[in-house]
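> Got a structure for you, written out below as structure tokens; questions coming shortly.
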Amino acid sequence: MTLALYGGAPVRTSPWPAWPPPLDGAQRERVTAVLDSGLWGATQGGSACAELAGAFARRSGAEHAVTVGNATLGLFAALRGLGVGPGDEVIVPAYTFVASATAVLLAGATPVIADVDADDLHLSADTVRAALTPRTAAIMPVHLAGSPADMDPLTELATRHGLAVIEDAAQAHGATYRDRPVGGLGDAGVYSFQASKAMTAGEGGLIVCRDQAVHDAVWSVCNLGRDPGGAWYGHPSVGWNLRLTEIQAALLLPWLDRLDAEIDRRNAFCAALERELSAIPAPPGREGAGEPGERAGPGGFRPVTVVPRPAGTTRDSRHLLMLRLHVPVDRSFLLEAMAAEGVPLDGGYPPLGTMTALTGAGARPEPCPAAEAAAREVVWVRQSMLMDDPAGAACVAEALAKVLTG
Ligand SMILES: Cc1ncc(COP(=O)(O)O)c(C=O)c1O
């Protein structure tokens, strides 16, 4: 079969679902009500931001929440609210979005870039232990791709060393770890509502926390150093205006009613794709159990497997699906050939430690062979594709088989 890149027929010609999906009636009603009220800002007496904060606090079992302009600022506010700043080190995973580390820089602290688990690609207690120093003040597990990090060993380690735990839950709305919602497992958890996320208002973020004092400190950072309930021109601390607007909260509130159904839909697609991938044959001469050191799929060597979830995942919100390639392939060729087949994939993150902007700004990378391997071997299926009918999973597998083994 000729690759579409070389003039053959593409595997898929129909469009994938759009993300974000079209506004639903409930969103239109909510947004119109806010627009008609004239109370667009969060400080004018409207109720949407407060309702969103309350709903997230309840859902995450964290009791308190603060809405914020985006998750980068949310991570910054959480760090500052927890007293992390200059002279402190914060351990972040090497395989994550750059904002996990730049939020630490914004707080004046040093990001220490630790490797991830070689299989599930999340921060693990082992990789954190290797990066600890007497200056470590906090750790930032990232619930990557919607799969929760294995939190119990991480929080145990943090407790033993007196470290704060800030969960970067930017990609994991609705995910659970051992049946507990992410975000409420550490000292603070931060969600993103940026355009690619599972709930979006174009931009936006939200911080949840369990402790009233942490809430008040984080709220103050986001509200120009005021105390909650304090005087408008009273600024006992240094803070900034990092607020979300009422219009954004109005877009997000109705999403909470459909989030679980959308997660189910993405999980159904992922399950179908995993089945389809297990049927892709090994390339000629590679039908055995794989070369030493290769991670063979169940039932023998498979050219592509789904990156496994960390232990303890009870609900994966499937922000995206990470696939590991076990056959050598030129990545830019693969991405180009897949796009030509009508199945565009993402190449994923470069390891944070290779970003000279970060190291130039003082970030300290640990050796990160697992993140480096991920940058070579892992590709992503985007959220918009996961929202397709599960039958669409066959196109992804067919295009991969065509490009990898054809
Ligand atoms: C893991 C992770 N952390 C932080 C962020 C930053 O979120 P935001 O774009 O809302 O600032 C993102 C997403 O963009 C992310 O994926």
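The values are calculated or read from the model by the stated rules, or taken from the named source; none is laboratory data. Just so we're clear, the structure is a prediction, and the values are computed from it rather than from any experiment. Don't worry about glycine lacking a Cβ; one is built from the backbone with ideal geometry, like all the others, and counts go over all protein chains shown.
> Can you name the number of the only condition in (1) more than 19 Å from the chain's Cα centre (by Cα); (2) in contact (Cβ under 8 Å) with a residue 60 or more places away in the chain; (3) within 20 Å of residue 91 (Cα to Cα) that residue 171 fails?
Residue 171 satisfies every listed condition except (1).
> I need a count of the residues in the range 96-126 that are crowded, with 24+ Cβ neighbours inside 10 Å, hydroxyl-bearing (Ser, Thr, Tyr) and touching a strand residue (DSSP E or B) at 6+ places or on another chain (Cβ under 8 Å).
2
> Among the residues of the range 196-207, how many are in a loop (DSSP other than H, G, I, E, B), buried (at least 23 other Cβ atoms within 10 Å of the Cβ) and small (Gly, Ala, Ser)?
Result for the range 196-207: 3.
> Condition (residue is of a type in the set (D, E, K, R), away from the ligand (no atom under 16 Å from the Cβ), part of a loop (DSSP other than H, G, I, E, B) and assigned by TED's automatic domain parsing to the domain that holds residue 9) applied to the range 327-337: is it met by at least one residue?
Scanning the range 327-337, I find at least one residue that is of a type in the set (D, E, K, R), away from the ligand (no atom under 16 Å from the Cβ), part of a loop (DSSP other than H, G, I, E, B) and assigned by TED's automatic domain parsing to the domain that holds residue 9, so the answer is yes.
> On to the next question. Which residue pairs have Cβ atoms under 7 Å apart, sit 6 or more places apart or on different chains, and have a first residue in the range 138-157 that is more than 18 Å from residue 112 (Cα to Cα) and a second that is of a type in the set (Asp, Glu) and more than 13 Å from the ligand (Cβ to nearest atom)?
Qualifying pairs under 7 Å: 146/316; 147/316.
> While we're on this one: Among the residues of the range 70-81, is there at least one that is more than 16 Å from the ligand (Cβ to nearest atom), outside the structural domain of residue 349 (by TED's automatic domain parsing), farther than 29 Å from residue 322 by Cα and surrounded by 24 or more Cβ atoms within 10 Å (Cβ to Cβ)?
yes
> When residues of the range 310-329 are filtered for being surrounded by fewer than 20 Cβ atoms within 10 Å (Cβ to Cβ) and more than 19 Å from residue 1 (Cβ to Cβ), how many remain?
So the answer is 5.
> For residue 176, all conditions in the list (1) of a type in the set (Val, Ile, Thr); (2) out of contact with any Lys or Arg (no Cβ under 9 Å at 6 or more places or on another chain); (3) touching a residue at least 60 places away in the same chain (Cβ under 8 Å) hold save one; what is the number of the exception?
That leaves (2) as the condition not met.
> Separate question: Within the group 158, 138, which residue is of a type in the set (Gly, Ala, Ser), surrounded by 24 or more Cβ atoms within 10 Å (Cβ to Cβ) and at negative phi?
Among 158, 138, only 138 is of a type in the set (Gly, Ala, Ser), surrounded by 24 or more Cβ atoms within 10 Å (Cβ to Cβ) and at negative phi.
> Now for a separate question. Taking the conditions exactly as written (closer than 25 Å to residue 169 by Cβ and surrounded by fewer than 23 Cβ atoms within 10 Å (Cβ to Cβ)), does residue 210 satisfy them or not?
yes
> Okay, moving on. Looking at this structure, is residue 396 at pLDDT 95 or above, closer than 30 Å to residue 60 by Cα and not assigned by TED's automatic domain parsing to the domain that holds residue 176?
No; evaluated as a whole, the condition is false for this residue.
> Is the range 182-195 home to any residue that is touching a residue at least 24 places away in the same chain (Cβ under 8 Å), away from the ligand (no atom under 13 Å from the Cβ), assigned to a loop (DSSP other than H, G, I, E, B) and under 12 Å from the mean Cα position of the chain (by Cα)?
Looking for residues that are touching a residue at least 24 places away in the same chain (Cβ under 8 Å), away from the ligand (no atom under 13 Å from the Cβ), assigned to a loop (DSSP other than H, G, I, E, B) and under 12 Å from the mean Cα position of the chain (by Cα), one finds none in the range 182-195, hence no.
> When you go through 45, 41, 7 one by one, which is the residue that is surrounded by fewer than 20 Cβ atoms within 10 Å (Cβ to Cβ) and in contact (Cβ under 8 Å) with a residue 60 or more places away in the chain?
Criteria check complete, one pass: 41.
> Give me the pairs, please: first residue somewhere in the range 199-222 and on the phi < 0 side of the Ramachandran plot and more than 16 Å from the ligand (Cβ to nearest atom), second residue anywhere and modelled with pLDDT under 95 and small (Gly, Ala, Ser), beta-carbon distance under 8 Å, and either six or more positions apart or on two chains.
209/62; 210/62
> Working carefully through the options 74, 45, 87, find the one that is at positive phi and touching a Gly at 6+ places or on another chain (Cβ under 9 Å).
87
> Another question about this same structure. Looking at the range 338-363, which of its residues are part of a helix (DSSP H, G or I) and buried (at least 17 other Cβ atoms within 10 Å of the Cβ)?
Matches in the range 338-363: 338, 340, 352, 353, 358.
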